[in-house]
Amino acid sequence: MSTSVAIETALRGDRALDLRPANQVMNLERLGAMHQNRLSFMRTLVRHLMREQWDIAPRKMELDKDGYGTVIYRIDAPHGRFDFVIFSNFLSSESRNDRVIATEWDITMALVEGEIDDLYLERLRQNVPKQEAGRVDSRVFVLSRANRSARNFDYVVDQLARGQQPEIDRIAKVGYLYRTTAVYGSGKLGMADWEKVATKFPDFARPFTAEMFVCFMLRSFSLFQAEHIAKARSPETFQPMKSEIKRYFGIGNSTGLGMAPYLLNHPQLISRWVEMRELGLARVRKFGIIDNHIRSRFSELLKRSIEHTKETTTEDQRQTHSNHVMVAELEQLERQFAPSFADWEELIQWTEQQCSLQTQELLVSLLLELYPDLVDNLENYQRTDEALDLDPTMPLAELKSLIECVYQWALAIDFSAEGARETCWYRSEEKMEPRLGSIANEEAKDKQMALGVGYAVQKCYQQINIYLEEHPDHSTARFMVAQPKLRGIVRRIQAMSKGVYGDIQANLLDRNVLPMHLLRCKLAFFGVSKFDPRSRLWVRNTMFQGAPLLEEIGQPFSDDWFMPLAPKV
Amino acid sequence: MHISMNELKAALRRCFESVGYFVGNYEDAANMILWLEKHGLAGLSELERALPYIEADSEKPHVSVVYEDSISATIDCHNRSALNSIAAAVDLAQAKALKSGISTITVHNCHNRKFVLKALTDCGRRGISVAAYWRNGSNSITEHTVAIGSGDRYPSYIESETDLVGEDADRRSLTILCSSRINLAASLQAPVDHATLVNFSPRAIEANKKRSIDRGIEINPDLWKRINQIGTGILVANSERSRADAGGK
């Protein structure tokens, strides 16, 4: 069913499937209402880990009784051997800081090509704990760090030391022992470029696979470390954690504004991920048979989604309200349709007419979940060539028509309205951290990042119209000589118009823009859940909750950890 | 010191954005330099030559078309670096070649012409064959030629030292031949007044690239420091108000 030609045929042309339109899908608020699904990168990674039986075991475990020291896991994947190194160091609670400007962490980690010797380990030890202040070489391809969720960690260790299990109610509130605050790849700090990973390490050649793998390994280590400390503290009374409780622990993640520019700076990649998800949905709508098994499974997943959302804790009022609304809508969906329904169109239309965006998008995730045969192979098509090429031969009149067709949303924005251009995105001198400010800050305004795509398109369109009055037959190349300032936006328009979905449709300069939508969109593609916004600019969430454990590689695996529930023990 | 290709690209982007290059242009400049360096063609050395002058370019007039017909054009870059001027000339060459089958673009008053290699290679990738020639130097004249066939991924590049007596204008001129109908190849003729300095085949250029992908880039620490120092011009001073703009605790 799927070669890349078949994928392209399904996306556009005479035999294209019915995909949801760009003006619906690329709406910023809808992107910010997305949920994880079986094409999310964590789900894909775990399928491969389990079905390919990656051999992962510690080959060096030097931890003191308090869990501090050095650990190396050896990874034998189908196409290569790697070492995963962890440095666990004491950190006082006063020094603990989740911001990108922090300089110390409880744990720092590196994923490395091949086997490392003592000399190389020492080089890593001198640099990995320093993170942005250190340097690594091109054998390293992921660098990360994590901080303890101190109260949770200490509580779990105490319980295990006393021979008791952690209480589920307590874990449900904070379902992790550690939080990552950055996971670096793609050439940062001297490590291997993405081009190397993509061409030399087939096991990690899908987007963000290596980064997700590091988070999975961190989760495994966090569980091991808690048991290690508890056992050292009270060897006579210690009891290991039950597997079903272990599985309920994920890894916390703290994501701030730093992630937001990525979606604007890699528009073709984001558009590709959206294409694959929408293609999956289109396949389900066209080919998905509804029999008793599917109805039963749908009902089960619906109930699970309701329960999972009820178990989600957040202090953010907006998110709490959204979650309550979604639960109510899903319960109504269940009452209305669960007994019997003829096709998916009925449900989709009902949610589009009656329900919030979060519910609509959850239904999409549920539909994908039901049909692995129709959806899973799309995981192999998440990469794309990211060259924003200018087509100099395009007649300028055609460029104008292209804008009118594909960027209608940008032309419709009134940038003269109050507050329409009030926001500016800039980089701080403090670790180059992206920040969101107001144009009232003159320096921020002068040095703002070029993320206002809608505004740039509108200005470009105005210039094209003026130019065409004098030179109606000129090419884009000729226009570029006259208007060199517009080179960036012109080639973006041309390149993005080749995809199905194009740019995110939003005015990112608006006073009321919610960067949270951008963060949640990317995090949903990663596969996180339990979104807990802490402001409009940063969000905590949970990764790998419900996923199989490291020690379960080689055992039967159902790939059914979507919307995991608190265990009943 | 060792850096990754991505680090170099990001730092160069900040550097050129800081000196006033436009959106699109600073990415192009970064890509041109990185392309040369990762393909073993001394992009960083070329950058070192260009760096003292990059800020001055913002004061100069933009590229202008001095003459134009259906198959040729003459472009004046007004003494700008190729980093912020040559792309438009290559675009024009490509557009005319596609329309007319072949085109000749003559560029005057352009510095750092070696940076044109990436743009010419992109033409080849898109099915347009290109050859280019230029001279450099005052006391000792070097000749440079590059060519790429239609659909090819890598060009050939030759540089040689000559006994030729150069005109001042030669030092900043470049001729681009572009065709959508015939495959152009280039090699320097070998009279006695000529000694080849470098001769890179497409295969050698590809091998250099593979090495760079595997190992990253080596850069003089002082140059790295300079690039990053210039790039700090895009950063906003830290303050309590600014910290609040990050939204964290």
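The values are calculated or read from the model by the stated rules, or taken from the named source; none is laboratory data. As the structure is a computational prediction, the values presented were derived from the model and not from experiment. Counting neighbours? That spans all protein chains shown, and the Cβs are built from the backbone with ideal geometry, glycine included.
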Exercise. A:Ser144 fails exactly one of the following numbered conditions: (1) crowded, with 18+ Cβ neighbours inside 10 Å; (2) in a loop (DSSP other than H, G, I, E, B). What is the number of that condition?
Worked result: (2)
Exercise. From the set of residues in the range B:91-139 that are among the hydrophobic types (A, V, I, L, M, F, W, C), away from chain A (no Cβ under 14 Å) and in contact (Cβ under 8 Å) with a residue 60 or more places away in the chain, which is farthest from B:Pro155 (Cα to Cα)?
Worked result: B:Ile102
Problem set entry | Scope the range B:65-85; condition surrounded by 15 or more Cβ atoms within 10 Å (Cβ to Cβ) and farther than 25 Å from B:Glu17 by Cα; matching residues | B:Val65, B:Glu68, B:Ile71, B:Ser72, B:Ala73, B:Thr74
Problem set entry | helices (runs of 4 or more DSSP H) wholly inside the range A:190-299 that include at least 1 residues being modelled with pLDDT of 95 or more and among the basic types (Lys, Arg) | A:194-200, A:209-233, A:243-248, A:267-287
For this session: Starting from residues that are touching a residue at least 60 places away in the same chain (Cβ under 8 Å) and among the hydroxyl-bearing types (Ser, Thr, Tyr), keep the ones in the range A:326-383 and report whichever is nearest to A:Gly32 (Cα to Cα).
Result: A:Ser356
Exercise. In the range B:146-168, what residues are without any contact (Cβ under 8 Å) to a residue 60 or more places away in the chain and not in a loop (DSSP other than H, G, I, E, B)?
Worked result: B:Val146, B:Ala147, B:Ile148, B:Ser156, B:Ile158, B:Glu159, B:Ser160, B:Glu161, B:Thr162, B:Asp168
For this session: Kindly indicate whether A:Ala456 is without any contact (Cβ under 8 Å) to a residue 60 or more places away in the chain, aliphatic (A, V, I, L, M) and facing chain B (nearest Cβ under 9 Å).
Result: yes
Exercise. Taking into account only those residues within the range A:65-97 that are free of Cβ contacts under 8 Å to residues at least 24 places away in the same chain and of a type in the set (Asp, Glu), which is surrounded by the most Cβ atoms within 10 Å (Cβ to Cβ)?
Worked result: A:Asp76
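For (1) on the phi > 0 side of the Ramachandran plot; (2) surrounded by fewer than 22 Cβ atoms within 10 Å (Cβ to Cβ); (3) β-branched (Val, Ile, Thr), each residue gets a yes or a no:
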| site | (1), (2), (3) |
| --- | --- |
| A:Thr181 | no, no, yes |
| A:Val197 | no, no, yes |
| A:Pro202 | no, yes, no |
| A:Ala205 | no, yes, no |
| A:Met212 | no, no, no |
| A:Arg219 | no, no, no |
| A:Ala230 | no, no, no |
| A:Arg233 | no, yes, no |
Problem set entry | Of the criteria (1) over 30 Å from A:Leu357 (Cβ atoms); (2) in contact (Cβ under 8 Å) with a residue 60 or more places away in the chain, which one A:Thr44 fails | (1)
Exercise. For the range B:1-90, which fully contained helices (runs of 4 or more DSSP H) count at least 2 residues that are within 18 Å of the chain's Cα centre (by Cα), within 13 Å of another protein chain (Cβ to nearest Cβ) and modelled with pLDDT of 95 or more?
Worked result: B:5-18, B:25-38
Exercise. Of all residues in the range B:36-61, which are buried (at least 16 other Cβ atoms within 10 Å of the Cβ) and either under 21 Å from B:Thr175 (Cα atoms) or of a type in the set (Asp, Glu) (or both)?
Worked result: B:Leu36, B:Glu37, B:Leu41, B:Gly43, B:Glu46, B:Ala50, B:Asp57
Exercise. Is it true that some residue in the range A:502-509 is at pLDDT below 95, closer than 29 Å to A:Gly437 by Cα and either surrounded by 19 or more Cβ atoms within 10 Å (Cβ to Cβ) or within 9 Å of chain B (Cβ to nearest Cβ) (or both)?
Worked result: yes
For this session: Kindly list, by first and then second residue, each pair from a residue in the range B:48-73 that is in contact (Cβ under 8 Å) with a residue 24 or more places away in the chain and over 17 Å from B:Cys178 (Cβ atoms) to a residue that is in a strand (DSSP E or B) and among the hydroxyl-bearing types (Ser, Thr, Tyr), limited to pairs with Cβ atoms under 7 Å and residues at least 6 apart or on different chains.
Result: B:Ala50/B:Ser81; B:Tyr53/B:Ser81; B:Ile54/B:Ser81; B:Asp57/B:Ser81; B:Val66/B:Thr74
Seminar exercise, completed: Among (1) outside any helix (DSSP H, G or I); (2) of a type outside the set (Val, Ile, Thr); (3) under 26 Å from A:Leu257 (Cβ atoms), A:Gln164 falls short only on (3)
Seminar exercise, completed: All-but-one check, B:Glu143 against (1) more than 13 Å from the chain's Cα centre (by Cα); (2) part of a helix (DSSP H, G or I), failing number (2)
Seminar exercise, completed: Counted residues in the range A:412-430 being buried (at least 19 other Cβ atoms within 10 Å of the Cβ) and of a type in the set (D, E, K, R) come to 1
For this session: List the helices (runs of 4 or more DSSP H) that sit entirely inside the range A:303-395 and contain at least 1 residues that are under 30 Å from A:Trp538 (Cα atoms), touching a helix residue (DSSP H, G or I) at 6+ places or on another chain (Cβ under 8 Å) and not polar (S, T, N, Q).
Result: A:317-337, A:344-354, A:357-370
Seminar exercise, completed: Across (1) over 30 Å from A:Leu514 (Cα atoms); (2) more than 21 Å from the chain's Cα centre (by Cα); (3) in contact (Cβ under 8 Å) with a residue 60 or more places away in the chain; (4) buried (at least 17 other Cβ atoms within 10 Å of the Cβ), A:Ile171 clears everything bar (1)
Problem set entry | Which numbered condition B:Gly233 fails, given (1) within 11 Å of another protein chain (Cβ to nearest Cβ); (2) within 25 Å of B:His144 (Cβ to Cβ); (3) not aromatic (Phe, Trp, Tyr) | (2)
Exercise. How many of the residues making up the range A:292-316 are closer than 18 Å to A:Leu363 by Cα and without any contact (Cβ under 8 Å) to a residue 12 or more places away in the chain?
Worked result: 3
Problem set entry | Residues (assigned to a helix (DSSP H, G or I) and either surrounded by 21 or more Cβ atoms within 10 Å (Cβ to Cβ) or modelled with pLDDT under 95 (or both)) located in the range A:98-132 | A:Leu124, A:Val128, A:Gln131, A:Glu132
Exercise. Among all residue pairs at least 6 apart or on different chains, which show Cβ distances below 9 Å where the first residue, located in the range A:479-490, is at the interface with chain B (Cβ under 7 Å from one of its Cβ atoms) and over 16 Å from A:Gln458 (Cα atoms) and the second is surrounded by fewer than 24 Cβ atoms within 10 Å (Cβ to Cβ) and among the β-branched types (Val, Ile, Thr)?
Worked result: A:Val481/B:Val65
Seminar exercise, completed: If we ask which residues in the range B:121-133 are under 21 Å from B:His78 (Cα atoms) and crowded, with 22+ Cβ neighbours inside 10 Å, their number turns out to be 1
Seminar exercise, completed: Within the range B:124-140, the residues that are among the aliphatic types (A, V, I, L, M), in a strand (DSSP E or B) and over 15 Å from the mean Cα position of the chain (by Cα) are none
For this session: Please indicate, with yes or no, whether at least one residue in the range A:24-33 is farther than 17 Å from A:Glu379 by Cβ, assigned to a helix (DSSP H, G or I) and without any contact (Cβ under 8 Å) to a residue 60 or more places away in the chain.
Result: yes
